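Below: the structure, in structure tokens.
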Amino acid sequence: MNFEFSAEQNLLREQAVGFLSDRAPLSVARRILDGDETYASEVWQEIINLGWTATAVPESHGGFGFGHLELCVVAEELGRSLAPVPFSSSVYLATEAIASAANDVRDDWLPKLACGEVIGCVALYEVSGAPDPDRMNDCTVSDGVLNGGKRWVTDGAIADMSVVTARDADTGNLCLYVVDLSAEGVQRSTIDTIDPTRNHADLQFDNVSAMPLASEIGDSTGLRRLLDRSAVLFAFEQLGGAEAALNMAREYALGRYAFGRPIAGYQAIKHKLAKMYVAVQLARSNCYYGAWALATDAPELPVAAATARVSASQAYRECSEENIQIHGGMGFTWEFDCHLYYRRAKLLSVNLGGEYDWKHRLISCIEADQAA
Amino acid sequence: MDFNDTKEEATFREQAKSWLAENAPAYQGDHTDDFLAAAKAWQKAKYDAGWACLSWPKEWGGRDATPAEAKIFADEETEYDLPVGPFLIGQGMAAPTMMAYASEEQKARFLPKLASGEEVWCQLFSEPAGGSDLAALRTRSVRDGDDWVINGQKIWTSGAHYSDFGILVTRSDPTVPKHMGLTYFFLDMRSPGLEVKPIKQISGQSNFNEVYFTDVRIPDSQRLGAEGDGWRVALTTLMNERAAIGGASGEMNFQTAFNLASETDLDGQPAIVDRGVRSQLADWYCKEKGLEFTGARSQTALSRGEVPGPENSIGKLVAAKKTQDIASFCIELLGMTGVALDHEQLSAYAEAYLGAPGSRIAGGSDEIMLNIIAERVLGLPQDIRVDKGVPFNEVPMGAK
Ligand SMILES: Cc1cc2nc3c(=O)[nH]c(=O)nc-3n(C[C@H](O)[C@H](O)[C@H](O)COP(=O)(O)OP(=O)(O)OC[C@H]3O[C@@H](n4cnc5c(N)ncnc54)[C@H](O)[C@@H]3O)c2cc1C
């Protein structure tokens, strides 16, 4: 049994912490929040130079040939820093989808994603609710041509390419396609969300050429697999954010005095912080299990991913809410950074299907396992 | 990151598994009248085959196994419903304290009999005026020649009625601040002047007791640690208590709730179809797995020869409340069947429901565990203590 990151992986973490605290402190997220930029392009460029976008890509396709454990480490630190960059869309989603695509599509796109030449995103939603196949009926592909609309696409206005779920007009099967977003017939309209530090857009496709990711057109298993794999990585981002919010709350409580002593000395506050710590530990342990399942492509992945995702969503919710509470009135100001975590926590919780969808899925997977 | 055993660990697990498969079933599920005899028989079987107290040195009845191996055997053992309760205090708490503080002759005399299950130990710590605030205990010890004379009362002493020996914290000097005036002993539970009275618990059973001391004499050679240094010795015991209690999920676990929800009708369909029920089940699954994998992280630290981090302190806190919630949920699903006696027996859910509050209090209450996490893990300030630095006999007291 070895259930911790290795020394090399921890070294990577140290580098990530060093880089992000230097180049992507919260002031960078705040710049995007308050300004007109869609993302911190200079941070993104440095991330590319560091090779993070190539972390889990095989060497044959321009990658570093590290594995997904390294990617989990990077994800946790990005989550902690709130860096306003399209990493999750391009790496956890687009790169993951393309990496399991058929040869020609993979050979075309994977090296470009790995070296950061293009930014990718994944377009799933058409209507509200979990990103389940039965809620995806508008986008269709006929003779390699895509029509329809997608909503709430994270980094949709930044990305150069998108993986899109759409129905094959002949079979009705839901498949994954890749679309060049600079192509004619693609319309993007930026939308605002609760977290302005991450870009979102609605996408409209009018007769846009689309390549299927898999040669033999299957059903929606490709989508499911993509959601499970990326859920682990998103969970690590959530874990990092939750722990950052806990640390911020702890620091403040130690320095803020009321009734002649630090508020951190009052049990109501101590116990709040202790419970946040418990939530973070449970989430961390479940994330590690998810990381193991992701890295080894274990049959346990669906259950492990859902467990990590639910725990991490819960931990981030609790920590970001209580962080504001512990800051009192200061926590409710635009000026203090508490709301950055509060916003990101909610965005990350619903962006891939919400906590209740993942709980439903978790129990469904266990039912299926136990019936087998 | 590798969730699987190393080659050596896998071999060890196989050996443990096959020995258990051959031997454990015969001792399984005996919760009847002679629970103690059943527990002793199982312990003896393990001892004879070299599976008792694995991480202890060979000379004291163990086999010098690594902590990781001990954990593997413990995990495999919980796959069976075995009577191990009576030994938790002796092996898990008294033994580590004896190893640290007893003389070589005492270790040679007592540890092997703890390992073989011949002798059972209890923990005489809590008192009416000293529970969470253990160091406020008042049972007096006075030196008299080569002996100490003990007077006072202990309470909540689990298993005192069947124990052979006990570990005991006393107040030897009431004129100094509370932590400084304590002295620690072990004693024969058959000592003259010692009286054990059972206390009936809310479950109706009587596992714990009041223990009265009237001029009980303990030889000075059975003092552990220096006179006045009892608090430090007690901390050794308490640290091991938390490790011994841990976060095991017991009978009222996710699977129990999942099975019941799958079988029980709610509005014309299995309860598990209900989204609220599913959400609740998922919460417990995530907690249970979170604790299990937190244990795996500690085990990793152990097998790397490191000291596990503080993350394990969450185990008892999370597990005790989860057990209570699951028992309560199961009863709600069953309705009156859940609370009514059937053949003069309460359902397992109702038994667990009545037992669960004790787990949230014993071995450090929920609130004390939260304080420990806040202070020792997160480094937050201690609570205000009006008794700090005050001689014990001048500290304000509530119930006398
Ligand atoms: C089933 C069971 C078995 C036991 N077995 C043993 C045994 O074998 N040997 C033994 O020595 N003892 C044993 N105990 C005793 C146990 O250790 C004590 O009950 C426990 O430490 C709590 O002490 P108390 O009962 O005096 O409650 P109190 O300390 O009076 O606590 C009452 C309430 O006040 C809260 N509280 C107390 N102090 C604080 C604080 N500083 N901050 C916030 N809240 C606080 C507690 O959390 C609790 O909710 C057992 C108890 C139980 C229930």
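Candidates are the residues of segment A:277-332 that are outside any helix (DSSP H, G or I) and at the interface with chain B (Cβ under 10 Å from one of its Cβ atoms); the one that is most open to solvent (accessible area, probe 1.4 Å) is A:300.
Name the single residue that is farthest from the other protein chains (Cβ to nearest Cβ) among those in segment B:364-389 being surrounded by 20 or more Cβ atoms within 10 Å (Cβ to Cβ) and touching a residue at least 12 places away in the same chain (Cβ under 8 Å). Per the stated criteria, the residue is B:364. Put simply, of B:17, B:7, B:71 the only residue that is within 22 Å of the chain's Cα centre (by Cα) and basic (Lys, Arg) is B:71. So which residues in segment B:267-307 are more than 7 Å from chain A (Cβ to nearest Cβ), closer than 16 Å to residue A:5 by Cβ and in contact with a helix residue (DSSP H, G or I) (Cβ under 8 Å, 6 or more places away or on another chain), if there are any at all? Hit for segment B:267-307 is B:298, nothing else. Of all residues in segment A:182-207, those that are in contact (Cβ under 8 Å) with a residue 40 or more places away in the chain and either in a loop (DSSP other than H, G, I, E, B) or within 21 Å of residue A:133 (Cα to Cα) (or both) total 12.
Being open to solvent by 60 Å² or more (accessible area, probe 1.4 Å) and within 19 Å of residue B:178 (Cβ to Cβ) is a condition met by no residue of segment B:340-351.
For residues that are free of Cβ contacts under 8 Å to residues at least 60 places away in the same chain and more than 12 Å from residue B:325 (Cα to Cα), scanning just segment B:351-361, find the one that is nearest to the ligand (Cβ to nearest atom).
Across segment B:351-361, the extreme among qualifying residues is B:361.
Across segment B:319-337, not a single residue is classified as out of contact with any strand residue (DSSP E or B) (no Cβ under 7 Å at 6 or more places or on another chain), in a helix (DSSP H, G or I) and within 10 Å of another protein chain (Cβ to nearest Cβ).
In segment B:113-134, the residues that are within 14 Å of chain A (Cβ to nearest Cβ) form Cβ pairs under 7 Å with partners that are within 8 Å of the ligand (Cβ to nearest atom), at six or more places apart or across chains, as follows: B:132/B:365; B:132/B:368. Filtering segment B:352-363 to residues that are part of a loop (DSSP other than H, G, I, E, B), buried (at least 18 other Cβ atoms within 10 Å of the Cβ) and out of contact with any Lys or Arg (no Cβ under 7 Å at 6 or more places or on another chain) leaves nothing.
When the strands (runs of 3 or more DSSP E) confined to segment A:46-163 are screened for residues that are not hydroxyl-bearing (Ser, Thr, Tyr), those reaching at least 3 such residues are found at A:120-123, A:145-154.
When B:92, B:117, B:131 are checked against the criterion of being on the phi > 0 side of the Ramachandran plot and out of contact with any Leu (no Cβ under 6 Å at 6 or more places or on another chain), a single residue qualifies: B:117.
For segment A:247-276, the candidate set comprises residues that are open to solvent by 60 Å² or more (accessible area, probe 1.4 Å) and closer than 15 Å to residue A:315 by Cα; within that set, the residue that is nearest to the other protein chains (Cβ to nearest Cβ) is A:275.
Looking across segment A:164-181 at every residue that is open to solvent by 10 Å² or more (accessible area, probe 1.4 Å) and in a loop (DSSP other than H, G, I, E, B), the one that is nearest to residue A:123 (Cα to Cα) is identified as A:173.
Residue check: residue B:252 meets all listed conditions (1) surrounded by fewer than 20 Cβ atoms within 10 Å (Cβ to Cβ); (2) away from chain A (no Cβ under 13 Å); (3) outside any helix (DSSP H, G or I) but one, namely (1).
Residues that are farther than 30 Å from residue B:389 by Cβ, β-branched (Val, Ile, Thr) and open to solvent by less than 80 Å² (accessible area, probe 1.4 Å): find the strands (runs of 3 or more DSSP E) completely inside segment B:175-219 holding 1 or more of those. Give the steps one after another, and end with the answer.
Values: elements: B:182-188, B:194-198, B:208-219.
The qualifying strands (runs of 3 or more DSSP E) are B:194-198, B:208-219.
When residues in segment B:230-249 are screened for being open to solvent by less than 20 Å² (accessible area, probe 1.4 Å) and either outside any helix (DSSP H, G or I) or at pLDDT 95 or above (or both), 3 of them pass. Residues in segment B:124-148 that are in contact with a Ser or Thr (Cβ under 7 Å, 6 or more places away or on another chain) and open to solvent by 20 Å² or more (accessible area, probe 1.4 Å): B:132, B:140.
The values are calculated or read from the model by the stated rules, or taken from the named source; none is laboratory data. Everything numeric in this text was worked out from a predicted model, so none of it was measured. Cβ sites come from the backbone with ideal geometry, for glycine too, and all protein chains shown count toward neighbours. The protein model used for the area step is the full one, side chains on, heavy atoms only, and it has no ligands, DNA or RNA in it. Shrake-Rupley method; radii C 1.70, N 1.55, O 1.52, S 1.80 Å.
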